[in-house]
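The structure under discussion appears below in the form of structure tokens.
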Amino acid sequence: GLSRASVPVAVFDGAKLQAERGLALWPRAQAVLTHLGISPEVWKGPPAAYRSRDGHWLSSSVSGNTQVWTLRQTELLAALSEGLPEGTIKRGAAVVGAHADAQGVSVTLSDGRRFEGSVLVGADGAYSFVRRRFFEGEQSLLQDTGYVSISGVLARGDSAFERAASASETFEQPPETFDRPFETLSGGSRFALVPLRGGEALWFATHARDRVLGGTGDGGGASDMGEAAVRTPELFTRLRALHAGWHAPIKHILHAAACAEAEESMRAHGASTALHSPPSSSSSPSPSSSSSSPPSTPSPPPPASVRIESSVSLPSGWAWGNGRVVLLGDAAHVLPPNLA
């Protein structure tokens, strides 16, 4: 918005490459994009309805004319950056230093570059450097909720997804449920499926950290993000066990996600053989199953296809501005990953 108003802007993007994520945009966010003349290609549909673990619908997704728009995060970022003057976004280096006084602000990047300006806007997420630098006291400290969110994006064109959908075991619910957003709640845990355009889907699962990570995280609670080092095969073993007995198509989605991750790992290491073992109708493996042991020779970690994020919060009721510095988004008011 500032750039479109002819206000000179520099955006510093030091984000590391992470797994793709899907986003849902509610009416207020839609109105902002429309006002700015930004129109990314999106899936449009009703909000997700709640379900119980046995599949019963607990609510209706039809609430007036409310629609959500869903898309990949990379698609939204591309739409936001389109049309910006060349050089506006400075990529590849994180902000490691910042100063503000009555005359202006300055930032220093990890590659040594330094920039000066009039105002510093910290839109750098839950673990905001800007918040830690300029906002002191308990009100600016993250609070760990004890939960983690695991999420991913699946394409219906992916071989793993198609094979899971056509597995010998039939669905307990009609296959249309793949196109109907839902969020299933049970005992403090949840699982959701939200369609994306082109037949893709965003899925996420939220659990207490010790249940899904089994103490294999960094032990520090709300870090950014020690949990991401957990071996993905073990993670999916735990997820499938935690969701044993939950309604279809949850186990098929997790199976497809596990296959997609394994095939991505094989491609990264030069293999081409596809993996597939349909989800069994028998009980899911125990989280502590040791049917497969780690390789004796460590191999480089494959590209991640799932995101593992701590659910954190910030106290409410504190000022998000301090002189020439202001916070926006998760830097000021953190949303749980499943609401992002």
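The values are calculated or read from the model by the stated rules, or taken from the named source; none is laboratory data. Quantities reported herein were computed from a predicted structural model and do not represent experimental measurements. Cβ: placed from backbone, ideal geometry, glycine included. Neighbour counts: every protein chain shown. These area figures cover heavy atoms from the full protein model, side chains too; ligands, DNA and RNA do not enter into them. Shrake-Rupley method; radii C 1.70, N 1.55, O 1.52, S 1.80 Å.
Please name all residue pairs, on different chains or six or more residues apart, with Cβ atoms under 8 Å, provided the first residue is in segment 128-148 and is within 21 Å of G97 (Cα to Cα) and the second residue is polar (S, T, N, Q) and open to solvent by 30 Å² or more (accessible area, probe 1.4 Å).
If the second residue must be polar (S, T, N, Q) and open to solvent by 30 Å² or more (accessible area, probe 1.4 Å), the pairs left are F134/N322; F135/N322; L142/S313.
Considering every residue within segment 43-56, establish whether at least one is over 20 Å from the mean Cα position of the chain (by Cα), surrounded by 14 or more Cβ atoms within 10 Å (Cβ to Cβ) and among the basic types (K, R).
Yes, because at least one residue in segment 43-56 is over 20 Å from the mean Cα position of the chain (by Cα), surrounded by 14 or more Cβ atoms within 10 Å (Cβ to Cβ) and among the basic types (K, R).
Can G125 be described as on the phi > 0 side of the Ramachandran plot and either touching a residue at least 60 places away in the same chain (Cβ under 8 Å) or in a strand (DSSP E or B) (or both)?
Yes, satisfied.
Can you spot a residue in segment 94-104 that is open to solvent by 70 Å² or more (accessible area, probe 1.4 Å) and assigned to a strand (DSSP E or B)?
yes
Would you point out which residue out of A304, A332, A319 is modelled with pLDDT under 85 and hydrophobic (A, V, I, L, M, F, W, C)?
A304
Among the residues of segment 10-25, are any open to solvent by 40 Å² or more (accessible area, probe 1.4 Å), under 12 Å from T70 (Cα atoms), assigned to a strand (DSSP E or B) and of a type outside the set (A, V, I, L, M)?
No - not one qualifying residue is present in segment 10-25.
Could you list, in sequence order, all residues of segment 197-210 that are of a type in the set (A, V, I, L, M, F, W, C) and surrounded by 22 or more Cβ atoms within 10 Å (Cβ to Cβ)?
Listed by number, the residues that qualify are A201, L202, F204, A205.
Given the conditions (1) in a loop (DSSP other than H, G, I, E, B); (2) at pLDDT below 95, which single one is not true for G112?
That leaves (2) as the condition not met.
If a residue must be open to solvent by 80 Å² or more (accessible area, probe 1.4 Å) and not polar (S, T, N, Q), how many such residues does segment 64-91 contain?
4
Let me spell it out: the conditions are (1) buried (at least 16 other Cβ atoms within 10 Å of the Cβ); (2) at pLDDT 50 or above, and S272 meets all of them except one. Which number is the exception?
(1)
Among the residues of segment 26-42, how many are under 20 Å from the mean Cα position of the chain (by Cα), open to solvent by less than 80 Å² (accessible area, probe 1.4 Å) and of a type in the set (A, V, I, L, M, F, W, C)?
The qualifying residues number 2.
For segment 105-136, how many residues meet the condition of being β-branched (V, I, T), in contact with a Gly (Cβ under 9 Å, 6 or more places away or on another chain) and open to solvent by 60 Å² or more (accessible area, probe 1.4 Å)?
So the count comes out to 1.
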